[in-house]
Structures are given as structure tokens and as C-alpha cells.
Amino acid sequence: MSETEAKDVQTEPAAPAKPASKKKEKRVVKMPYERRKALYGYGFIALWFVGTVIWFLYPLLNSLMYSFMNVTPEVGGPQGEWVGLKNYAYVFGGDQYYSRYLASVLWETTWKTPLILIFSLFIAVILNQKFKGRTFARAVFFLPVIIATGPVYNIINGDISRSGASSAGQFSTMFSTDLMGELFQFLGIYGLNDHMQTAVEAVSNNIFGIVWNAGIQILIFLAALQNIPTSAREAAQMEGATAWEYFWKITLPYVSPMILACLIFTVIDSFTAPDNLVMGRVLSMQSDWQYG
């Protein structure tokens, strides 16, 4: 090879190097925070939702369907015959007990619910204060919720009612005396003696039930009271607010959202109580073969 050819070979440009193969980048989809937060919430309530559908919604729809049928027990299981509104017509028109029991339960719920709410809020305010034995006092008021089963409640309530009959009579006698009538006349109030006597008798005879059914409401109000910021209390103290003003201007507005929750819970608890006349009538008819 001549020198000229050797120079030409040396001056040839080198072939460009092949670029290294790029690895495929994994695309990570970033989920917005709000969506992730929502998914976490759905995950937490998933079990509750499944339980509600299986053990609450399905039996509720089944019961609603059976209410329009005449169900009779058979060997292979209960058999139903569609009768429309015949069962409802019998309950409200043919049954001599149901309408009377329902009216009694509605009246008892009407006057007992406000008393339970007022009593619960009053006790919650007391239990929110600092004093010796506060934990024990809270446990005592919540104890009925733990042992509030049907047989236990009926046994205890029966004993309390029998032992409290004499005290209830003493209350009614006190409010039916002429002294109370003269006091009402002095205050310019007429015709309330009989009503006051009836109200005192009703409250004194049911005071055990009011205290017994107030455990959950006390707990709800107590949680609401503990969420009141300390800055609000300090500001009220600096302004010279009295305890009465603090209750109406700060405490009550803060716990007012919980009043509706306690109201709904109390009404439901009243309609499903073991000593409810309507529930007793329904349970007694369940064991009657005439009604399946």
C-alpha cells in the first residue's frame, strides 16, 4: 500500500457510535390527594356498608315485603300469599290493642325525650368539671348502657317501680294539697294543680327509666363539651362572664349540633325499648301461630 493510500485510510472519519438503547421508563400515575383521601374513607366504611346491606337493608326489605303478605309456616319454610294492605287495615282498624298502645308510646316519647335530653346535658356539664371521683361518676352513669339487656332491664325496672310506688304516692299527695293550690293562686296561676300532679306522678314513676336511658346521650354531650376550645373559656373569663352566661353564649351553641343526634337516638331507642308496649305486642304475636 502506497503512502497516499495509507493517508486516505487514516483520514476517513470514524463511524458514529450507536446510541445506547434507552430503557423504557415506567409511567407512575400520581393520584390527587383529595381522591386518595376519598378512597381511604371508602375503604374504612366498606365493612360497615357491607354489614348494613346484608344485616339491615336486606332484612328490612324482606320485612316490608312480608307486611303485604299472609305468611304461614310450612314444612319447607314460610309461604306467603299476597294480600295487599289487608294487614295494615287490620293493625289500625281491627286490632283493639295496637292503636291504643301506639298512642301511649307516642305520648310517652313526646314528654320523656325532652327530659332525657335536658338531664343528659345537665349531667354532662357536671361530669365535665374537675372533681374527685369524676372517672367513677362517669362509669356509674354509663353502666346501664353495658348491662341494658331486655331481661335485666325488666327485672330492675320492676323492682324499682314496686319500691318507688310509695314515694310516688307521697309526691302526688304533696302536689294535691291545698297548700300548692294556694301557692298557685298567689302566683296568679289557676287550674294547674291537677296537671302538675299528673306531671309529677309521671316523672317520679319514670325517673329510673330516664336515668337508665341517658347513658349514650351523656357520652355524646360530654364529647361535645370537651371539644370546646380553651381559648373560648379564657376569653369569657377575661370578659367577666358568669357561669350562666357562659352556658347560654358558649356551651349551648357548641353542643347544639349534637342535640339533633341525641334527639334522633332517643326517639329510636324509645320505639325499640324492651318495655315498649308496641314492641311487646309485636313480639307476642310472633309466637302466635295464627300470625305465623
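Here, each number is a calculation from the coordinates, and none is a lab measurement. Note that the structure is predicted; figures quoted are calculated from it, not measured. Cβ atoms come from the backbone with ideal geometry, glycine included; neighbour counts cover every protein chain shown.
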DSSP loop (so not H, G, I, E, B), at most 15 other Cβ within 10 Å: list which chymotrypsin sites (Phe, Trp or Tyr not before Pro) in the stretch 81-143 pass both filters. Y97, F131
What order do you get for 241-251, 219-229 when each peptide is scored by the mean count of other beta carbon atoms within 10 Å, highest first? 219-229, 241-251
For N70, distant residues with modelled amide H under 5 Å away: E81, W82, V83
Loop-only check: which GluC sites (Glu not before Pro) in the stretch 51-142 are DSSP coil with at most 15 other Cβ within 10 angstrom? E74
